[in-house]
Every structure is written in structure tokens, then in C-alpha cells.
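Okay, so here's the structure we're looking at.
The values are calculated or read from the model by the stated rules, or taken from the named source; none is laboratory data. Everything quoted here is computed from the prediction, not taken from an experiment. In this analysis, Cβ positions are derived from the backbone assuming ideal geometry, glycine residues included, and neighbour counts consider all displayed protein chains.
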Amino acid sequence: MKAQNETELTEFIILGFQSLKKVRHLLFIGFFITYLFTMLWNAFIITMTIVDQNLRTPMYFFLDNLSFLDICYTSTTIPQMLAHLLSDRNTIPYISCLLQVYFFFSFVGIECLLLAVMAFDRYIAICNPLRYTLIISKDICLQLAIACWVGGFLNSVVHTTFAFQLPFCGDNQIDAFYCDIPPLLKLSCGDTSFNQILLLSIGIFIAWTPLVCILLSYIYIFLTVLKMQSGEGRQKAFSTCSSHIIVVLLYYGSGIFTYSTSNSSYTSDHSKLIPVIYSVLTPLLNPIIYTLRNKDVKNAWKNIIRKYKPPLASKSCYYYICYF
């Protein structure tokens, strides 16, 4: 039986950027363009690996998974945020909030695991190249990818289940621009200590353990590269790892800041910019970082242009790509 001060919530109010209502249309345009380019860039990577057989390698298989993940990742938050920017009623149904938390946390966990797998792939390619095709076979790639996705979804089941079993006592204003567990815990009138311990303990497995694996992989890679006598070999090894390192720093840097300060940082509009970087800009920057100076992807794009013989109007794009 419910306590007198405990109410049955049917919806939550997403406060978002309340102090920025005067520029909400500009924010809408900015987030819409960001979302559009995120979809296009990640779809571009997936298309390239499907069309060009030279990109059907383990590294690009995992990159495909990361691109598809980023499409799903941004689609859980940005469409709702865009709708709220154009509306005066920023509410979300209880069940929709639950689903958003579930899928968002799933994709967060999957990306942590996937980044660790990609670091392992680079470790084998550089530190043990003669056995690379034996260790990183198609079956192993598929099994590792499935393990990442299953692990992320199972992690989210635990967090979501216990978070939405908490009692909520009237206050339904979520001080963020999407449903997330830290601001939800602040709304509960029950004891959230178990949920805090759960976030910490499972976070060690789903976030910190992959980060340690990434760091160890790059320590061994760095030591192996230092032993290389060929300057060209060193440059090639560093170029294949630099994109992944930047993505890891961007993702973990913004993610750690977001959740390590979640108890105090969800109260100002300035602090909400960090979750924006974490959940909006990172999925946009990932494909750009991986393709901007990637010779394999650029060669694949040139081959497609040559194959389909674009009209004269498109040749300027071709020469632009060749120049870079």
C-alpha cells in the first residue's frame, strides 16, 4: 500500500535548458544539423564497408558496429529534445522515460565494451601481426561484437529495473534534457543507496575494466612501436591507433565528468553542456575522426566515384577528395 505522500506518476517534465528559451529555435537548428550529420556520417561509413571489399576487415567490422551504435545512441535522445525545443509542454510519459533510460544505458555500456574490443584488435595487429588473421577471425569478430551488445543490454536491465522500482513522491521534474538515472534518483523519496552502489559496482565492470584494458593494450602497443627500426612502420602503427585514442579520450573524458559530478552538476545549464558533448557531439565526431585522414576510406570513396562515373557537376567533389 502506498504512503500518503507517494503518488502514482504517469509522466515526467524534462526541464532541459530553461534559461535558454529565448534562443530555443537556434538550439533546435543546431541540434537538428548535428543529428542530421551524425546520421549521414555514420551511414557513410557503413555504406563504404558494404560496397568496398577492401574495407571488409576486422577493424572496419568493429567500426561498422560503432557507427550503427552511434546512430541508435543519438536517436534515443535528440528527437525528443528537438520536439521539446519546439513545444511549451516538455513532458515525457513514464513508460517512454523508462525505455529511454534503458536504451541509453544499453548503448553507453556497449560503446565502452566495443572501444575495448577495438583496442584489443589494434594490439593484436601491431604486437602479434603474424597471428592476427588466426586470432581475429570472422567468427571471433562476430562473437566479440555479440558479447558487447548482449553485455550492454544486460547491464541496462539491472540499472533500469532497480531505478524504476523506487518510489517517486510528487516531484516529477527531471533537471536534464533527457531521462537519465542520476537525476531520476534525485526525485525518489526512497533510499537510493543501493542504486548508488549498483552504479558504482557495475560501472567498474562495464566502464572502468574496459578502460583499463584499453590502457594496457596501448602500453604494449607503444612499447612494440618503440622497438620498430623502420620509421615508416612506426608512423603507420601510430596512424592506425591515433583515431581510436582520440575517440576514447573524448568519450571517457566527457562521460567520467558527467557521472562523477552528477550529484551536484545537474543543477545548472552550464553543467548540462557536458552531457551534450557526451551524448550528442561524440557520436558526430566519431565517424569524422575515423575518416578525415583515413586513406582506406578515401580510396574506397574514389573507387566508387570512378566506378559509377559521376556527371561533370560531381567531378569537383572527386578532385577535392583526391586533393586531401
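If the condition is being within 20 Å of the chain's Cα centre (by Cα), hydroxyl-bearing (S, T, Y) and more than 30 Å from I136 (Cα to Cα), then segment 44-93 contributes S75, T76, T77. If you take the residues of segment 128-152 that are among the β-branched types (V, I, T) and over 20 Å from the mean Cα position of the chain (by Cα), which of them is surrounded by the most Cβ atoms within 10 Å (Cβ to Cβ)? My answer is I136.
Inspection of segment 153-166 identifies at least one residue that is of a type outside the set (S, T, N, Q), crowded, with 19+ Cβ neighbours inside 10 Å and touching a strand residue (DSSP E or B) at 6+ places or on another chain (Cβ under 9 Å). Between I45, I50, the distinction of being out of contact with any helix residue (DSSP H, G or I) (no Cβ under 6 Å at 6 or more places or on another chain) and modelled with pLDDT of 85 or more belongs to I50 only.
The number of residues in segment 171-218 being out of contact with any helix residue (DSSP H, G or I) (no Cβ under 8 Å at 6 or more places or on another chain), in a loop (DSSP other than H, G, I, E, B) and under 28 Å from A116 (Cα atoms) comes to 0. Listed by first and then second residue, the pairs with beta-carbon distance under 8 Å, at least 6 apart or on different chains, first residue in segment 289-314 and on the phi < 0 side of the Ramachandran plot and modelled with pLDDT of 70 or more, second in a helix (DSSP H, G or I) and basic (K, R), are T291/K298. Candidates in segment 173-224 are the residues that are among the small types (G, A, S) and surrounded by 14 or more Cβ atoms within 10 Å (Cβ to Cβ); of these, the one that is farthest from H84 (Cα to Cα) is S217. One residue stands out in segment 120-148 among those that are part of a helix (DSSP H, G or I) and among the polar types (S, T, N, Q): the one that is modelled with the highest pLDDT, namely Q143.
Beta carbons closer than 7 Å, at least 6 apart along the sequence or on distinct chains, pair a first residue in segment 270-283 that is under 20 Å from S106 (Cβ atoms) and hydroxyl-bearing (S, T, Y) with a second that is modelled with pLDDT of 75 or more and not in a helix (DSSP H, G or I) for S279/T77. Quick one: is L284 among the hydrophobic types (A, V, I, L, M, F, W, C), at pLDDT 75 or above, surrounded by 17 or more Cβ atoms within 10 Å (Cβ to Cβ) and assigned to a helix (DSSP H, G or I)? Criteria met by L284. Report yes if some residue within segment 174-189 is aliphatic (A, V, I, L, M) and touching an Asp or Glu at 6+ places or on another chain (Cβ under 7 Å); otherwise report no. Yes, because at least one residue in segment 174-189 is aliphatic (A, V, I, L, M) and touching an Asp or Glu at 6+ places or on another chain (Cβ under 7 Å). Has segment 240-253 got any residue that is part of a helix (DSSP H, G or I), aromatic (F, W, Y), out of contact with any Asp or Glu (no Cβ under 9 Å at 6 or more places or on another chain) and at pLDDT 85 or above? Yes: one or more hits.
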